[in-house]
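The values are calculated or read from the model by the stated rules, or taken from the named source; none is laboratory data. Note that the coordinates shown come from a computational prediction; the quantities given were computed from them, not determined experimentally. Positions of Cβ are backbone-derived with ideal geometry, glycine not excepted, and every protein chain shown enters the neighbour counts. Heavy atoms of the whole protein, side chains included, go into the accessibility calculation; ligands, DNA and RNA do not. Shrake-Rupley method; radii C 1.70, N 1.55, O 1.52, S 1.80 Å.
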Amino acid sequence: MPDLESIDRALPAVPPASAPRQGKAQGQGLRRLRSIAIFCASIGTGLIFWQVCSSLFFNPNLLPPPGKVFHAGWEMALNGELYEMVSVSILRIAMGFTIGCIVGITCGLLMGSFWLAGEFLDPMIEVIRPISPVAMIPIAIIWFGIDEASKYFIIAYGVFFTTLINTIAGVRHTPLVRKRAATSLGAGTWSLFFRITLPSAMPFINTGMRVALGGAFMSVIAAEMIAANSGIGYFIMQARLLIQTDRIFVGLVTLGLTGFFTDRLYRYVTGIVFARYLRLSA
Amino acid sequence: MASAMIDGESRALAGLHIDVRRHGFETRSGWNEVLRNVDIRIGPGEFFCLVGQSGCGKSTLLNIIAGFLAATEGTVALDSRALTGPSNDRVVVFQDVHNSLFPWMTVRENVEFGLKMLDRPKDERRQRVDSLLQLVGLSEHDDKFPDELSGGMKQRVQIARALAIGPKILLMDEPFASLDAQTRRTMQAELLRIWEQTGTSVLFITHDIIEAVTLADRIGVMSKGPGATISQVITPELTRPRAFADVEFTTLVSRVEQILGRERAHA
C-alpha cells in the first residue's frame, strides 16, 4: 500500500477532490475487482516479507513472526482485551476529533470571511501551529490530569489547526464569479455565506478533516504512551516493560488496521453525506 | 393631458441609462484611466451589443452596470432610478459557466436560486422553473448536476436562472466565447428566440463582430483604452434571422471592423 496518508499530510491545502462519477457499471465492476485483487496481493506480499525477515534475518524474539502475533491477538480478542483497548482509543479520537473540528471549522469560516480577523489572528496561529500535539502533552496533563480530558485536548489541539488552515483556504478559494452570480440573483450577506461560500469551501473542509483524522491517531497514541492507563498506546507501552514483543506487535497491527478502517469509514460516510459538495465545479 | 405627458416623459426615461464620466484606478505609476465619457441608453426590450477588443474595458463597464464596481465618476440608472450595488433587476450571465453555476445544485435548484432569494412560495417556484426549463429546452435534464452538462447546456441553465426572476435587463459578458463555433451559432439563435419571447432588454458584450451583427438592435463600438469610450453606435437595418451570406451583413461587419481598425491605428 502506498502511503497516501503521509502524502496528504504533506500538503497544507489540498485542492478539491472529485466525487466518483457514475461510469458504466461493467467497467466499474471490473475496476473494483482489480483493485481488490491488488490490495490482497499487496497485503499478502507484506506478510510474506515479514515472515521471511523474522525467520531468516532477525531474532524471532525481537521480530516475532506473523503467526505468533496473530495467535497472541486472537487470545486477546477472545478475552476482550483487544476490544477494550481499541474502543477506549477510538472514543478518545471521536471526542477530540469532534471538538477540534467544530472549533477549527468555525474559526476557519470566521477568519476566512472577515479580512481583519484573518489578518490579525494569522501571525498568532502561525507561531503556535509548529508546536506539535506531542509537545503539548506535559502541559495538558498538568491542566487536565491523566484522565480523558487531557487526551481530548491533545487530539482536538492537532485537529484544530489542520481543519482551521484548510477551512480558511476553502473560504478564500470561493470563485469571485460564483459570489457575483449569487449576488446578482439577489443573495444578501447571509445567503451568500451559507448558500455559496460554505458549500464552496466544503471540498477543502473535507480534506482538512480527513488529514486531521490521521493526525488524531498519531497524537492519541503518543498521549496514551506517556500518561494513561488504557488504550492502544498504553497497551504497547505495558508490553514493552514486560518485553512481550508479540503483544507489542499486536498493538502495532491493531493500530494500523484501526487507522485504515477509520479512514475508509470516513471516506464512505462523507462520500454519501457530502456527495454533492464534492463535485467538480461544473 | 397632464397624465399623458407624464406617461410620455416616463417612457422617454425608461430603460437603462449608463453615464460613466470617468473610471479608473490608482497604480504605482499613476492614474490608470479605463473608461471615459461612456454614455449609452438602452431602451426597454432592446438588444444592445457592445463590441471592442480584448482588454478595452468592456467587462469593467459591465461590472459597473451590474453594481460589482462603483464608477469613479458617473451614474447608472434604470428607469430613471439611480443604481447602487448589485440587485436582481439586472442579472449577469457570465462567460465562465464553470464557476458561475453552483456545482452542488441540480439544474432545477440552480434556476430556482433567485426565486428562493425572493422568498417565493414553493408551488410558484416549481411552476416558474418548469416553464423556464421548457423555454431553454432543458426540461428533461432538470435533475442533472452542472458537471454532467455540455458547455451549451450549461449556458442555457445560466440564461434560465437569470430569467427566472424576471429581470428588466440581462447583462451578458461574452457568454458564448468559450463555446465551439457550431454550438455558438445554435445558442445565438436560441438567445434571439428567448429574447423575442420574453421581451427582456439585453446588453450583450462580445469581441466577435459577426456575433454582434447577428444579434443586435444596435451595436456600440468601443474604442481601445486607456480612457475607452463608445466611439460609434451602429443600427443594423437588417431583418431577422440575419444570414452571413447577405451582402448587407458583410458590409456591416466590415464597417465595424473598420471602426475597430481605426481605433487600433490610433493606439
Kirkwood Rh in Å, taken over all unlike Cα pairs in region B:96-142: 11.1 Å
Buried accessible area, chains B and A (both chains, 1.4 Å probe, Å² to nearest 100): 2500 Å²
For region B:1-132, diffusion coefficient by Stokes-Einstein and Kirkwood Rh (Cα), 4 °C, 1.567 mPa s, µm²/s: 73 µm²/s
Local net charge near B:Ala181, Cβ-Cβ under 14 Å (Lys/Arg +1, Asp/Glu -1): -1
Cα centroid separation, region A:149-195 to region B:30-61 (Å): 35 Å
Debye log10 I(q)/I(0) for chain B, one point scatterer per Cα, at q = 0.16 Å⁻¹: -1.28
Test item: Cα-centred dipole of the protein assembly as shown, Lys/Arg +1 and Asp/Glu -1 on Cβ, debye: 480 debye
Length added when fully stretched, A:Cys53-A:Gln28, from 0.36 nm per residue minus Cα-Cα: 5.3 nm
Rg/Rg_ref, region A:213-257, where Rg_ref = 2.2 N^0.38 Å and atoms are Cα: 1.08
Contact order relative to length of chain B, as percent, for alpha carbon pairs under 8 angstrom and 6 or more apart: 25 percent
For region B:94-121, residues shielded by at least 30 square angstrom of accessible area compared with the chain on its own, probe 1.4 Å: B:Phe94, B:His98, B:Asn99, B:Phe102, B:Pro103, B:Trp104, B:Phe113, B:Met117
Convex hull projection area averaged over all views, the protein assembly as shown, Cα basis, nm²: 36.2 nm²
Options B:Leu215, B:Ser231, B:Ser254, ranked by Cα towards positive dipole end of region B:201-267, top entry (Cβ charges): B:Ser231
Within-14-Å neighbourhood charge of B:Phe48 [Cβ basis; K, R +1; D, E -1]: 0
Solvent-accessible area per residue for region B:49-181 (1.4 angstrom probe, square angstrom): 37 Å²
Inter-site label distance for B:Leu69 and A:Ala41 at 7 Å from Cα along Cβ, in nm: 5.8 nm
For region B:88-243: Kirkwood Rh in Å [reciprocal of mean 1/r, alpha carbons]: 16.4 Å
Two-site label geometry, A:Leu265 and A:Asp147: point separation in nm, points 7 Å out along Cα→Cβ: 2.5 nm
Length released on extending from A:Arg276 to A:Val253, taking residue separation times 0.36 nm less the Cα-Cα span: 4.8 nm
At least 27 Å along the helix axis (C-alpha) and Kyte average at least 0.0, DSSP helices within chain A: A:25-52, A:81-113, A:148-172, A:198-226, A:245-273
